[in-house]
1. Give the range A:74-87 a look and list any residue that's surrounded by fewer than 20 Cβ atoms within 10 Å (Cβ to Cβ), part of a helix (DSSP H, G or I) and touching a residue at least 12 places away in the same chain (Cβ under 8 Å), or say none.
2. Tell me the residue from B:Thr96, B:Thr21 that is surrounded by fewer than 19 Cβ atoms within 10 Å (Cβ to Cβ) and β-branched (Val, Ile, Thr), please.
3. Can you confirm whether the range A:109-132 contains a residue that is aromatic (Phe, Trp, Tyr), free of Cβ contacts under 8 Å to residues at least 60 places away in the same chain, within 11 Å of another protein chain (Cβ to nearest Cβ) and on the phi < 0 side of the Ramachandran plot?
4. How many of the residues making up the range A:157-176 are crowded, with 17+ Cβ neighbours inside 10 Å and either within 18 Å of the chain's Cα centre (by Cα) or in a helix (DSSP H, G or I) (or both)?
5. Can you tell me which of B:Glu81, B:Glu97, B:Glu105 is under 15 Å from the mean Cα position of the chain (by Cα) and farther than 30 Å from A:Val343 by Cβ?
6. Which one of these is within 14 Å of chain B (Cβ to nearest Cβ), farther than 21 Å from A:Leu173 by Cα, among the hydrophobic types (A, V, I, L, M, F, W, C) and surrounded by 19 or more Cβ atoms within 10 Å (Cβ to Cβ): A:Leu318, A:Leu324?
7. Just for helices (runs of 4 or more DSSP H) wholly inside the range B:16-112: which have at least 2 residues that are away from chain A (no Cβ under 14 Å)?
8. Name the single residue that is farthest from the chain's Cα centre (by Cα) among those in the range A:323-358 being over 23 Å from A:Leu399 (Cα atoms) and at pLDDT 85 or above.
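The values are calculated or read from the model by the stated rules, or taken from the named source; none is laboratory data. Given the structure is predicted, the values throughout are model-derived calculations rather than measurements. Reconstructed Cβ throughout: ideal geometry from the backbone, glycine too, with neighbour counts over all protein chains shown.
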Amino acid sequence: MLVLVGAVVRPWGWPEAVVAVPAAGLVVATGAISPAHALAEAQRLGPVIGFLAAVLVLAQLCDDEGLFQACGAWMARTSAGSPRRLLVQVFAAASVITAVLSLDATVVLLTPVVFATAARLGARPKPHLYACTHLSNTASLLLPVSNLTNLLAFAASGLSFTRFAALMVLPWLVAIGVEYVVLRRFFAADLEAGAPSPGGAGAPEMPLFALVTVAGTLAGFVLTSTVGIDPAWAALAGALVLAVRALARRRTTPAAIVRSAAVPFLAFVLALGVVVRAVVDNGLASALGHLVPHGTSLPALLGVAVLAAVLANVINNLPATLVLLPLAVPSGAGAVLAVLLGVNIGPNLTYAGSLATLLWRRIVREHDAEVGLGEFTRLGLLVVPAALTLAVVALWGSLQIVGT
Amino acid sequence: MTVVVWITEGTWPACVDAARTHAPQDAQVVLLHVSDRDVPGLAHGAFAGLLGRGHRERDPGDRVGHLADASARQLLDAAVERFGRPCTRLERAGRTEREVVAVAEGAELLVLARDGDRTRLGPHSLGPATRFVVDHAPCPVLLVWPEPAPGADTLPPPPGPQR
């Protein structure tokens with residue numbers, strides 16, 4: 001709990017790892033977790049963190065290549081001055097970018113581009129910004145690389161990369177569909193207001209090299225998983241290709257690349273993993289064990305997903321995943337994926353957990369901005385229960401068809 | 001006489017044109033745009049939800065905030081140019097509907113446009129913000145169509161049993 005509070009409050013602007021790493025050392029030193037268990041946890045998380053680092057670097061280099069700017073130009077051109085069409089394009093872009101380059105890319109790199117695009121068209125920006133932030137969670141269901149929660153679950157589930165994607169494609173589409181229907185109606189007045197488009201936006205210059213590299217990386221994921229190699233290597237190869245090119249053209253520096261790998265964040269994830277393992281070992285497993293339904297029947301999957309969504313809202317989806325995964329693994333891959341539906345769709349209800357909501361209010365006050373918490377929650381209440389339920393049904397269907 | 005014209009994305013040209021037509025020559029015309037602070041707040045919130053990412057300088061909310069300021073300036077520039085008469089420009093930030101009502105306090109006329117589906121008449125022609133402003137306006141309101149208003153022949157048939 002202290003680690004979470006430390007991560008949220010970040011006293012004196014310290015990186016989250018400053019609290020989390022000593023805390024991890026403390027739980028090992030006090031014997032709350034045996035060194036062997038801590039080591040096992042670190043070994044389990046190591047490859048996951050490497051994978052994450054490669055994807056973060058890949059996304060940043062794609063931005064350096066101008067991929068996100070080109071994406072904005074494409075959205076502006078194809079929406080032809082209609083805010084409703086722009087919403088469709090934002091949905092397409094945010095869904096694909098979240099799935100392939102992870103939710104960090106959508107939140108940090110795509111969101112400002114979407115705002116700029118809406119402003120350029122003269123459209124009201126709010127529906128499109130909501131689409132971006134909501135989809136960064138909801139559309140992160142498809143691939144193991146889409147979200148850190150998925151990477152953790154992927155490592156625990158024993159599924160191959162392609163099987164994971166095959167099982168999640170239907171829930172992914174269903175959840176995005178629910179988001180679209182609800183947002184389209186919720187913001188109908190803003191979307192119908194039109195946009196006096198200045199038009200004349202020329203065809204954007206596509207950063208072909210970055211696109212081909214990303215496509216190659218995706219193909220690499222499929223190839224490595226059929227051959228039986230860790231798909232993290234494909235992500236690393238993709239990041240390396242772009243890094244070498246960017247360095248050769250002096251578009252970036254080695255220091256900037258290392259920075260984009262977010263080393264303190266990686267340390268934080270590792271430390272959080274060890275601390276959560278200690279908490280789970282010391283009674284949380286037995287306490288929550290009664291609450292987690294067993295099996296992969298439809299009601300059991302629903303129960304798991306709802307529990308995960310509640311936990312993601314009460315704490316945050318990252319620790320919620322770490323807590324629930326060991327409890328879901330014995331029921332099989334279906335239950336693990338149900339956890340993911342809960343922790344990935346659930347955060348749209350209260351914004352990434354109550355703790356983070358507190359932080360959000362603090363940051364927003366610092367920036368002299370207002371928070372329409374009422375509007376956010378109303379929209380979340382319309383989206384999350386429907387999206388979660390239908391996605392679980394879709395997952396159950398996929399499990400019947402594809403199998404694990 | 002003070003006339004406040006609410007400049008909002010998508011429908012502002014009609015409001016400027018209406019002000020040019022209906023505001024007396026000697027009226028003091030205020031072109032008002034309010035940046036909704038929810039919008040950068042949303043981006044700040046999404047970043048805050050990414051637990052453990054640190055790096056405050058990567059927060060997209062700051063960039064969205066700057067972009068919003070620039071976009072508001074451009075919108076008002078375009079509105080001033082379209083109006084083509086001396087006027088006062090006013091940029092505000094906050095809860096849009098409340099700011100508009102606050103600025104309209106003491107004015108003689110507030111000009112705004114309907115939003116909602118233009119192909120269909122009837123309910124839901126005002127979004128939540130416009131609805132609030134109309135409900136709470138402290139002065140007379142001139143509500144205009146964003147495009148030439150449809151004729152009365154587009155009225156739906158009256159309710160009740162059909163003969």
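1. Let us first name the residues in the range A:74-87 that are surrounded by fewer than 20 Cβ atoms within 10 Å (Cβ to Cβ), namely A:74, A:77-78, A:80-82, A:84-85.
Then keep just the ones that are part of a helix (DSSP H, G or I); that gives A:74, A:77-78, A:84-85.
Those that are surrounded by fewer than 20 Cβ atoms within 10 Å (Cβ to Cβ), part of a helix (DSSP H, G or I) and touching a residue at least 12 places away in the same chain (Cβ under 8 Å): A:Trp74, A:Arg77, A:Arg84.
2. On the way: B:Thr96 fails: surrounded by fewer than 19 Cβ atoms within 10 Å (Cβ to Cβ).
Of the residues listed, the single one that is surrounded by fewer than 19 Cβ atoms within 10 Å (Cβ to Cβ) and β-branched (Val, Ile, Thr) is B:Thr21.
3. Going residue by residue through the range A:109-132, those that are aromatic (Phe, Trp, Tyr) are A:115, A:130.
Filter once more, keeping what is free of Cβ contacts under 8 Å to residues at least 60 places away in the same chain: A:115.
Cutting the leftovers down to within 11 Å of another protein chain (Cβ to nearest Cβ) gives us A:115.
From the residues that got through so far, the ones that are on the phi < 0 side of the Ramachandran plot too are A:115.
The answer is yes; a qualifying residue exists.
4. 13
5. Values: B:Glu81 fails: under 15 Å from the mean Cα position of the chain (by Cα); B:Glu105 fails: under 15 Å from the mean Cα position of the chain (by Cα).
Result of the check over B:Glu81, B:Glu97, B:Glu105: B:Glu97.
6. Numbers: A:Leu324 fails: within 14 Å of chain B (Cβ to nearest Cβ).
Step by step, each of A:Leu318, A:Leu324 is checked, and only A:Leu318 is within 14 Å of chain B (Cβ to nearest Cβ), farther than 21 Å from A:Leu173 by Cα, among the hydrophobic types (A, V, I, L, M, F, W, C) and surrounded by 19 or more Cβ atoms within 10 Å (Cβ to Cβ).
7. Working: elements: B:38-49, B:60-83, B:96-104.
Counting at least 2 such residues, we get B:60-83, B:96-104.
8. Taking the range A:323-358 first, the residues over 23 Å from A:Leu399 (Cα atoms) are A:323, A:347-358.
Still in the list and also at pLDDT 85 or above: A:323, A:347-349.
Details: A:Val323: 17, A:Pro347: 10, A:Asn348: 12, A:Leu349: 15 Å.
Among those residues, the one meeting the criterion is A:Val323.
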